[in-house]
1. Quick one: which residue in HIS91, HIS123, HIS150 is within 20 Å of MET171 (Cβ to Cβ) and more than 12 Å from the chain's Cα centre (by Cα)?
2. Residues in the stretch 98-109: is at least one open to solvent by less than 90 Å² (accessible area, probe 1.4 Å), of a type outside the set (Gly, Ala, Ser) and more than 30 Å from GLY57 (Cα to Cα)?
3. Of all residues in the stretch 16-48 being modelled with pLDDT under 90 and assigned to a loop (DSSP other than H, G, I, E, B), which is least open to solvent (accessible area, probe 1.4 Å)?
4. Search the stretch 77-107 for residues being more than 18 Å from PHE28 (Cα to Cα) and assigned to a loop (DSSP other than H, G, I, E, B), and hand back the single one that is modelled with the lowest pLDDT.
5. Does TYR11 fit the bill of being touching a His at 6+ places or on another chain (Cβ under 9 Å) and modelled with pLDDT under 85?
6. Go through the stretch 119-149 and give me each residue that's open to solvent by less than 70 Å² (accessible area, probe 1.4 Å), in a loop (DSSP other than H, G, I, E, B) and farther than 30 Å from GLY57 by Cα.
7. So for the stretch 110-118 (the condition being part of a strand (DSSP E or B), among the charged types (D, E, K, R) and modelled with pLDDT under 80), does at least one residue qualify?
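The values are calculated or read from the model by the stated rules, or taken from the named source; none is laboratory data. Note that the structure is a prediction, hence the values are computed from the model and not measured. Cβ coordinates were reconstructed from backbone atoms using ideal geometry, including for glycine residues, and neighbour counts include every protein chain displayed. Accessible surface areas use protein heavy atoms only, side chains included; no ligands, DNA or RNA. Shrake-Rupley method; radii C 1.70, N 1.55, O 1.52, S 1.80 Å.
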Amino acid sequence: AEDYQNPIVVYNDQGEKMDAADPFVMRFNGKYYLYTTGAEEIRVYESEDLVHWTFKGHCTRNGEGAIAYAPEVLYWRGAFYMITSPYGRGHYIMKSDSPLGPFELKGKILQRDESIARGAGHHSVIQVPGKDEYYIVYHRRPLNETDGNHRVTCIDKLIFNEDGTIAPVKMTFEGVGKSKIKK
């Protein structure tokens with residue numbers, strides 16, 4: 001790492017340093033895929049050893065910049081789902097048959113609810129081990145809070161529908177409640 005504040009440094013095929021904001025790494029079929037945000041596009045890199053990365057191209061672009069932030073890619077029943085979360089604009093879902101894309105925009109799955117909170121910020125998705133059960137963890141700002149850096153962490157269910165879509169996530173004050181995960 002060249003810079004401890006930005007430990008992921010990515011270079012293009014010409015050896016030029018590239019923006020690598022909001023990185024996400026996924027493993028699939030023995031290969032690793034690195035997704036990075038930069039200039040209203042999401043770039044994808046491939047590696048077999050987590051050291052040597054090959055730039056594979058832009059897996060999505062958006063002229064408005066509405067979806068090209070904070071990517072996370074999930075694999076579910078033969079398809080790849082990319083969830084992005086440009087802060088304050090909601091969480092977008094895109095779908096592809098390949099981890100390299102292209103990813104097609106399918107809509108929003110989580111958006112602000114002014115009766116509950118402002119914004120719905122960056123996220124992570126967790127799967128209950130051994131189950132087809134998923135949760136989305138994200139941050140948002142309470143309605144009475146004026147400090148843009150004051151955020152609370154929220155957990156809500158993420159439901160895949162049988163037709164391959166993801167049900168919209170409803171913000172709540174309760175979240176998912178307490179539960180124990182058995183090992």
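1. The match here is HIS150.
2. So far as the stretch 98-109 goes, no, none of its residues is open to solvent by less than 90 Å² (accessible area, probe 1.4 Å), of a type outside the set (Gly, Ala, Ser) and more than 30 Å from GLY57 (Cα to Cα).
3. Across the stretch 16-48, the extreme among qualifying residues is ALA20.
4. Only one residue tops the list, namely TYR87.
5. Taking the combined requirement at face value, the residue does not satisfy it.
6. GLY119, VAL128, GLU133, GLU145, GLY148
7. So far as the stretch 110-118 goes, yes, one or more of its residues are part of a strand (DSSP E or B), among the charged types (D, E, K, R) and modelled with pLDDT under 80.
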